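Accompanying notes for the structure given below.
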C-alpha cells in the first residue's frame, strides 16, 4: 500500500478543519499524485478510450478512496488493485446506465420533424373531392366501384352491367383524367 496509506491509517474524517483538515488535504493530494495517471490508463482501456468519461471515473474512484481511507489503512493488499476494482465497477455501472435507456438528443432535431396535425388529410380529401367532380359521370362511377368500394374488375363489371374490357379502359382513362386535373391544381400524383 506504500507511503500513501500512512496518511489515512486509523484516521477518521474530522468534524472541523485545522490540522486534521490539512492531513485530509495532504492525503487527497498524495492520492491524486500517485494514482491518477496509472488509474486513468486502466480506465481508458476499460471504457474504450473515452477520455472525458475516464476522467470522471478516475475522479469518482479517488474520491471513494479518500472517503474510505480509514478502512483501507489496515489492508495488506495493493491500493492500486482496490482502485482498479472500484473503477471497473464504476465503468460497468455507467455502461449499464447508458444502455438501459435510449440516448438523449437535444431539441434541435425535433424542430425538423413534421407533426401530423390532421389538416393534411382533410385538405387532400377536399382537393380529391373537387377533382372527382370534374370527371365525367362514367369515370366517377368506375372509380367509385374499383377504388372506393375496393371491387375487382370482374366485380365492378358485374355491378355496372358492362364488359370487363370496358371497365379496364374506363379505369385507365379515368385515372389519366384525374391525374391531369390534380396536376392543374398543383398536386403531384
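Under the condition of being in contact with a helix residue (DSSP H, G or I) (Cβ under 9 Å, 6 or more places away or on another chain) and either modelled with pLDDT of 65 or more or on the phi > 0 side of the Ramachandran plot (or both), the residues counted in the range 12-32 number 6. If you check 93, 150 for being out of contact with any helix residue (DSSP H, G or I) (no Cβ under 6 Å at 6 or more places or on another chain), part of a helix (DSSP H, G or I) and either at pLDDT 85 or above or buried (at least 16 other Cβ atoms within 10 Å of the Cβ) (or both), only one passes: 93.
Within the range 67-85, the residues that satisfy the criterion of being in a helix (DSSP H, G or I) and either within 20 Å of residue 44 (Cα to Cα) or modelled with pLDDT under 85 (or both) are 69, 70, 71, 72, 79, 80, 81, 82, 83, 84, 85.
The values are calculated or read from the model by the stated rules, or taken from the named source; none is laboratory data. Everything numeric in this text was worked out from a predicted model, so none of it was measured. For neighbour counting, all protein chains shown are included, and Cβ atoms are generated from backbone atoms with ideal geometry for every residue, glycine included.
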